[in-house]
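Asker: Structure provided below as structure tokens; questions to follow.
The values are calculated or read from the model by the stated rules, or taken from the named source; none is laboratory data. Quantities reported herein were computed from a predicted structural model and do not represent experimental measurements. Cβ placement follows ideal geometry from the backbone for every residue including glycine, while neighbour counts extend to all protein chains displayed.
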Amino acid sequence: MSNMKNVWAPRTVPEELQALLAVEASWPLTPGQHRSLMESKVSKLFEEAGPEDARQAMEMSEEYSPETALIARNLPVKAWPEALMWSDSMGAMLARINWEKEGPLKSAALKLDLLDQMEEQSLQSLIESL
């Protein structure tokens with residue numbers, strides 16, 4: 001177990017958002033540290049998707065997330081991860097974390113499950129959850 005990556009996810013958000021908001025880190029974690037780690041995670045998801053798939057995922061969201069489609073149309077590709085992180089949609093998702101009630105993840109099984117879910121995440125799944 002000592003080789004297991006450290007992972008933290010907010011427990012105060014709905015279960016379907018926990019893996020999306022999970023980051024490779026250990027508790028204690030500040031909101032600012034979490035946002036920075038999330039920005040790195042989002043950048044990695046954009047990189048893995050590539051510019052064309054990222055554009056397609058962002059523009060497909062126009063009906064339920066026009067803000068995401070506007071980012072794809074109005075900003076250069078390099079600006080997309082940061083713009084998505086500072087979008088109202090992402091802000092609303094991050095605001096659901098009740099930092100006063102957060103703490104460490106105690107279950108190794110939960111950590112393994114979160115790590116598996118994080119490996120399967122895609123930019124599309126993130127955008128669809130916004």
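Asker: Looking for whichever is in contact with a helix residue (DSSP H, G or I) (Cβ under 6 Å, 6 or more places away or on another chain), of a type in the set (Lys, Arg) and within 19 Å of Leu130 (Cβ to Cβ) here; the options are Arg55, Arg35. Which one fits?
Answerer: Exactly one of Arg55, Arg35 is in contact with a helix residue (DSSP H, G or I) (Cβ under 6 Å, 6 or more places away or on another chain), of a type in the set (Lys, Arg) and within 19 Å of Leu130 (Cβ to Cβ), namely Arg55.
Asker: Right, next: When only residues in the range 58-76 that are at pLDDT 90 or above and of a type in the set (Gly, Ala, Ser) count, which is surrounded by the fewest Cβ atoms within 10 Å (Cβ to Cβ)?
Answerer: Residue satisfying both the conditions and the ranking: Ala69.
Asker: Additional query: Within the range 77-93, can one find any residue that is under 22 Å from Leu21 (Cβ atoms), at pLDDT 90 or above, surrounded by fewer than 11 Cβ atoms within 10 Å (Cβ to Cβ) and not acidic (Asp, Glu)?
Answerer: Taking every residue of the range 77-93 in turn, at least one turns out to be under 22 Å from Leu21 (Cβ atoms), at pLDDT 90 or above, surrounded by fewer than 11 Cβ atoms within 10 Å (Cβ to Cβ) and not acidic (Asp, Glu).
Asker: Another one. If a residue must be within 26 Å of Tyr64 (Cβ to Cβ) and touching a residue at least 24 places away in the same chain (Cβ under 8 Å), how many such residues does the range 93-113 contain?
Answerer: Summing the residues that are within 26 Å of Tyr64 (Cβ to Cβ) and touching a residue at least 24 places away in the same chain (Cβ under 8 Å) in the range 93-113 gives 5.
Asker: Could you pull out every one of the helices (runs of 4 or more DSSP H) wholly within the range 1-74 that has 3 or more residues that are farther than 18 Å from Ala92 by Cα and out of contact with any strand residue (DSSP E or B) (no Cβ under 7 Å at 6 or more places or on another chain)?
Answerer: Fully inside the range 1-74 and qualifying: 31-60, 66-74.
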